[in-house]
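Below: one structure, written as structure tokens.
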Amino acid sequence: MRISTIFFLVAGLSFSASTSAQLICDDLIISEYLEGTGNNKGLEFFNPTTEPIDLSAYELQRWSNGEGTVTDATQLFGTLPSLTTWVLVNGQTEDVDLGGGAMSPMCDPVMQGLADQLDNPYPAPTYMNGNDALVLVKNGTTVVDIFGKPGENPGVAWTNDAENGFTDVGDGAAWLTSNHTLRRKFDVVHGINVPPVVFDTFLEWDTLPVNTWDGLGSHSCACGSTGTNNLVETPSLEIFPNPAVNGQFNIESGQSVKQIQVYSPEGRLVEVIAPTSDIRTWSISTSDWKAGVYFVNVQYLSGSIFAHRIVVR
């Protein structure tokens, strides 16, 4: 998708973008941006609406280093209830020797432990380095939110230098999108649908120190707030052993279950169970799965959703 295509697609959405001060709590937004040291990088998404959102319709695109086309993209997955968050974190779990003495470090396991989804292997959006624009797209065409300015290379990062279009051109400009955590301001309830003329970080984002991720999974805005990490968790369900052993793990529920979905670390659906009777115990084989962190979504007949991570070795 070329930059001119982005402008064409969003031309009809300029009204909603220009009225974001009103309570237009109608779609997913990027609520937190983490550009930390090494590969400590991630994004948080928030559902400000009153209804669940099917995340499989959404794709996060990276427009790297001012490129006029999409560099790489990751499809989200799962169902996100109203006023909850979804956390996407860099998926590199070990150091990678790049040769010549260069090393690509693993993402901090503590940060990865806060994720609902680990990103794809390199190249992927969470390998951003401060000067990459990010575009959240729905159903392949509709621009839902934009971070940065697609098609512009600001230098090292977008800055506080208004005289130079908030790019890293002038002396003494402060980098804002590199080595910072950014959180969406409370009064931002709607995404940016049109690529901005300039990207002024402070208009919609608060800046925090590098490697700050203690707020992941919680967001507050004028549409509402959540104090819990992503999906609703219920103590009446157990998933064990964790890590899985002997090529399987077990699920035991104290309530009637409508559906169980298991996603791979890359977001691929690897298992679906839709009970036809009131069965509450399952054994799931992992013998053909590769090692990694898998994500289990259990939806009850009541409508609540249990989200859990299971490690497969």
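Which condition breaks for P154 when tested against (1) buried (at least 18 other Cβ atoms within 10 Å of the Cβ); (2) out of contact with any helix residue (DSSP H, G or I) (no Cβ under 9 Å at 6 or more places or on another chain); (3) more than 25 Å from L55 (Cα to Cα)?
Failed condition: (2).
Would you call V210 closer than 23 Å to V87 by Cα, surrounded by fewer than 19 Cβ atoms within 10 Å (Cβ to Cβ) and either touching a helix residue (DSSP H, G or I) at 6+ places or on another chain (Cβ under 7 Å) or in the same structural domain as Q92 (by TED's automatic domain parsing) (or both)?
Criteria met by V210.
Under the condition of being over 30 Å from T167 (Cβ atoms) and among the small types (G, A, S), which residue from region 45-84 is modelled with the lowest pLDDT?
Checking each candidate, the answer is G78.
Would you point out the residue of region 50-72, among those that are among the hydrophobic types (A, V, I, L, M, F, W, C) and in contact (Cβ under 8 Å) with a residue 60 or more places away in the chain, that is surrounded by the most Cβ atoms within 10 Å (Cβ to Cβ)? I'd like the intermediate steps shown before the answer.
Here is the first cut: in region 50-72, the ones among the hydrophobic types (A, V, I, L, M, F, W, C) are 53, 55, 57, 60, 63, 70.
Checking which are in contact (Cβ under 8 Å) with a residue 60 or more places away in the chain leaves us with 57, 60, 63, 70.
Values: A57: 15, L60: 24, W63: 30, V70: 21.
Taking the candidates together, the pick is W63.
Quick check, is E44 in contact with a strand residue (DSSP E or B) (Cβ under 6 Å, 6 or more places away or on another chain) and either assigned to a strand (DSSP E or B) or without any contact (Cβ under 8 Å) to a residue 24 or more places away in the chain (or both)? So that I can check it myself, show each step before the final result.
Details: in contact with a strand residue (DSSP E or B) (Cβ under 6 Å, 6 or more places away or on another chain): yes; either assigned to a strand (DSSP E or B) or without any contact (Cβ under 8 Å) to a residue 24 or more places away in the chain (or both): yes.
The answer is yes for E44.
Can you pull out the residues in region 90-115 that are in a loop (DSSP other than H, G, I, E, B), within 21 Å of L60 (Cβ to Cβ) and small (G, A, S)?
G91, G113, A115, listed by residue number.
Taking the condition small (G, A, S) and under 18 Å from the mean Cα position of the chain (by Cα), does G155 pass?
Values: small (G, A, S): yes; under 18 Å from the mean Cα position of the chain (by Cα): no.
The answer is no for G155.
Restricting the search to region 184-194, which residues are of a type outside the set (A, V, I, L, M, F, W, C) and surrounded by fewer than 19 Cβ atoms within 10 Å (Cβ to Cβ)? Can you show your working first?
Our first condition is that a residue be of a type outside the set (A, V, I, L, M, F, W, C); within region 184-194, this holds for 184-185, 187, 190-191, 193.
Those that are of a type outside the set (A, V, I, L, M, F, W, C) and surrounded by fewer than 19 Cβ atoms within 10 Å (Cβ to Cβ): K185, D187.
So which strands (runs of 3 or more DSSP E) stay within region 48-89 end to end and still have 1 or more residues that are among the aromatic types (F, W, Y) and under 16 Å from N139 (Cα atoms)? Show your work before the answer.
Values: elements: 58-63, 72-75, 85-89.
Once the strands (runs of 3 or more DSSP E) in region 48-89 are filtered for at least 1 residues that are among the aromatic types (F, W, Y) and under 16 Å from N139 (Cα atoms), what remains is 58-63.
Test D161 against the stated conditions and say whether it is surrounded by fewer than 17 Cβ atoms within 10 Å (Cβ to Cβ), more than 16 Å from the chain's Cα centre (by Cα) and not hydroxyl-bearing (S, T, Y). I'd like the intermediate steps shown before the answer.
Working: surrounded by fewer than 17 Cβ atoms within 10 Å (Cβ to Cβ): no; more than 16 Å from the chain's Cα centre (by Cα): yes; not hydroxyl-bearing (S, T, Y): yes.
No, not satisfied.
The values are calculated or read from the model by the stated rules, or taken from the named source; none is laboratory data. Please read all numbers here as calculations on a predicted model, not as lab measurements. For neighbour counting, all protein chains shown are included, and Cβ atoms are generated from backbone atoms with ideal geometry for every residue, glycine included.
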